[in-house]
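Colleague: Input: one structure, supplied below.
The values are calculated or read from the model by the stated rules, or taken from the named source; none is laboratory data. Everything quoted here is computed from the prediction, not taken from an experiment. Using ideal geometry, Cβ is built from the backbone for each residue, glycine included, and neighbour counts are taken over all protein chains shown. With ligands, DNA and RNA removed, areas are computed over all heavy atoms of the protein, side chains included. Shrake-Rupley method; radii C 1.70, N 1.55, O 1.52, S 1.80 Å.
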Amino acid sequence: MGNILVGTCSWTDPALVGSGWYPSSARGAEGRLRYYAGRFGLVEVDSTYYGLPSTRNSRLWAERTPDGFVFDVKAFSLLTGHSTRVGSLPAQLRPAGATAGARVRAGALGPAAVEEVWRRFAGALEPLRAAGRLGAVLMQFPPSLRPGPGAEAFLEQCLGRASALGWRTAVEFRDPRWYAPEHRADTADLAKRHGAALVAVDTARGLPASVPPVAAATAPQLSVVRFHGRSPHWGTGSKEDSYRHRYTGEELAEWVPRIRALAERTDRVHVLFNNCCGDAAVRAAEAMSELLG
C-alpha cells in the first residue's frame, strides 16, 4: 500500500472494547493501544472533539506506539463552530451561572476565552507533534455551516490559525451543499488555499444529509477518506443509529480506485473507519487493507 495508512476513528470505543476484538492479554489503556498499533499504522483521536486533550495523554500515546504510527486528532468542538457542553470547558472559562449540561458556542464566551481554548488545545498536542506522531488535525464543521461569505470568513479564520500552528489539517463538511456540483470547485479551492485536505466521505446515499463521495486531492502532503457507514438513519438518529453499519466487500471495493487515485496525487492517504458498532470499524479496516494490499 506504500503511502496509504488505514485505521479507525477510535481504539477505546466501549463497543469495540466489549466486542472481543482485543485479546485478554491487551489489558488497560496501554495494552489496547499497543495491540492496536501493532495491527494498524493510523488512528483518529475522537475524544478530543468532546473535551480538551491533555499533554500527559499525548505524551503517553507517543511513548506507547512505534515509529511511523500516526494520530489524526479531531479538533475540539468549540473551535469549529459546534455547540459545546459547558462542563467540557475549563472551569475558569465557563459562563457565569451556566450549568455543566448547558451548551455554548464560541461567540458567547468572548475572544479571550476562545483564545485560551486554542492555546490549551495546541499545547496538549505538542508532545505528539514533537514526536512526529501527529498526522492531521481534523476540522469537522457542523451541518449549520453552509456555503456563503460568512462561512468562508469563519473557515479562513480557523484554517489560518491552524496553519500558523504548523499543523496539517483536514476539513470535513456535514452540509452536503459544500460538495454539490455548483459549489464543489470553490470548496476544493478553499481547502487548497490553506493546504488542507478536503475529506472524502462515505455515507448512506439518497438521504437529505447524505454527503456525495467526492474524492479531490487538495493538498500535496495528505488526503483523507472517512467511512461513516451507510445507516439509513444518517443525520437523523442517535449516534449509535447513525453510524451502525457493517461494510460489505463490494461497498469497500467501490472506493479502491478513488483511494489509489488520491495516492498518486498526494504523499500520504489516511483511510479511517467511523462505523462504530462493535468491531465493525476494525473489521472494515482490516478488509480495506487487504483490498489495497
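Colleague: Give me the Kirkwood hydrodynamic radius of segment 149-293 in Å, from all C-alpha pairs, to one decimal place? Kindly include the intermediate steps, with their values, before the conclusion.
Modeller: Details: mean 1/r = 0.0629 Å⁻¹.
One decimal place: 15.9 Å for the Kirkwood radius.
Colleague: Based on the Kirkwood radius over alpha-carbon pairs, what is the Stokes-Einstein translational diffusion coefficient of segment 18-108 at 25 °C with 0.890 mPa s viscosity, in µm²/s?
Modeller: 161 µm²/s
Colleague: For segment 242-293, with the dipole built from +1 on Lys and Arg beta-carbon atoms and -1 on Asp and Glu ones, taken about the Cα centre, which of Cys277, Met288, Ser242 lies farthest toward the positive end?
Modeller: Comparing the listed Cα positions along the dipole, Ser242 ranks first.
Colleague: If you don't mind, another one. So how much accessible area does Arg119 have, in Å² to the nearest 10, using a 1.4 Å probe?
Modeller: Accessible area, nearest 10 Å²: 140 Å².
Colleague: Further question on the same structure: So which trypsin sites (Lys or Arg not before Pro) in segment 1-63 pass both tests, a DSSP loop state and at most 16 other Cβ atoms within 10 Å of the Cβ? Don't jump to the answer; show the numbers that get you there.
Modeller: Working: sites: Arg27, Arg32, Arg34, Arg39, Arg56, Arg59; in loops: Arg27, Arg39.
Answer in residue order: Arg27, Arg39.
Colleague: Round to the nearest 0.05 the FRET efficiency obtained for Tyr35 and Gln92 when R0 = 35 Å and r is the Cβ-Cβ distance. Can you show the working numbers first?
Modeller: Values: r = 38 Å, r/R0 = 1.09.
Using R0 = 35 Å, I get an efficiency of 0.40.
Colleague: Where the only charges are on Cβ atoms (+1 Lys, Arg; -1 Asp, Glu), what is the dipole of segment 197-253 about its Cα centre, to the nearest 20 debye?
Modeller: Numbers: 6 positive and 5 negative charges, 15 e Å.
I would put it at about 80 debye.
Colleague: When the Kirkwood hydrodynamic radius is evaluated over all pairs of different C-alpha atoms of segment 3-292, what value in angstrom, to one decimal, is obtained?
Modeller: 19.5 Å
Colleague: To the nearest 0.05, what FRET efficiency results for Ser47 and Ala209 with a Förster distance of 30 Å applied to their C-beta separation?
Modeller: Values: r = 24 Å, r/R0 = 0.79.
Calculated value: 0.80.
Colleague: Just how large is the dipole of segment 28-88 about the Cα centre, in debye to the nearest 20, putting +1 at every Lys and Arg Cβ and -1 at every Asp and Glu Cβ?
Modeller: On the way: 8 positive and 6 negative charges, 35 e Å.
Here segment 28-88 has a charge dipole of around 160 debye.
Colleague: Place +1 on the Cβ of every Lys and Arg and -1 on the Cβ of every Asp and Glu in the chain, take the dipole about the Cα centre, and give the residue among Pro53, Ala164, Val201 whose Cα lies farthest towards its positive end.
Modeller: Pro53
Colleague: If you take the beta carbon distance between Asp267 and Ala180 as r and set R0 to 25 Å, what does 1/(1 + (r/R0)^6) give as a FRET efficiency, to the nearest 0.05?
Modeller: Working: r = 29 Å, r/R0 = 1.15.
After rounding, the FRET efficiency stands at 0.30.
Colleague: For Arg246, what charge total do you get from the other residues with a beta carbon under 10 Å from its beta carbon, if Lys and Arg give +1 and Asp and Glu give -1? Intermediate results must be reported in sequence, preceding the final value.
Modeller: Numbers: positive: Arg230, Arg244, Arg283; negative: Glu251, Asp279.
So the environment of Arg246 carries a net charge of +1.
Colleague: Which whole DSSP H helices in the chain pass both tests: a Cα extent of 15 Å or more along the axis and a mean Kyte-Doolittle value no lower than -0.5? Before the final figure, lay out the partial values.
Modeller: Details: long enough: 111-130 (28 Å, -0.04); 149-164 (22 Å, 0.12); 181-193 (19 Å, -1.52); 280-292 (18 Å, 0.80).
Taking the DSSP H segments of the chain (at least 15 Å long, mean hydropathy at least -0.5), we get 111-130, 149-164, 280-292.
Colleague: Follow-up question, since we're still on this one. If you restrict to DSSP beta bridges whose two residues both lie in the chain, what percentage is antiparallel, to the nearest 5?
Modeller: Counting DSSP beta bridges with both partners in the chain, the antiparallel share is about 5 percent.
Colleague: Another question about this same structure. Quick one: accessible surface of Arg230, probe radius 1.4 Å, all protein chains present, in square angstrom to the nearest 10.
Modeller: 40 Å²
Colleague: Among Gly41, Ala253, Ser210, whose Cα sits farthest toward the positive end of the charge dipole of the chain (+1 at Cβ of Lys/Arg, -1 at Cβ of Asp/Glu, about the Cα centre)?
Modeller: Gly41
Colleague: Please check which bits of segment 251-265 a label hung off Glu290 would reach, taking the label as a point 7 Å along Cα-to-C-beta and the cut-off as backbone N under 14 Å.
Modeller: Residues passing the 14 Å test: 251-253.
Colleague: Let me ask another. Students sometimes get this wrong: rank Glu172, Glu182, Glu30 by accessible area, probe 1.4 Å, all chains present, largest first.
Modeller: Working: Glu172 0, Glu182 125, Glu30 80 Å².
Reading off the accessible areas and sorting them downward yields Glu182, Glu30, Glu172.
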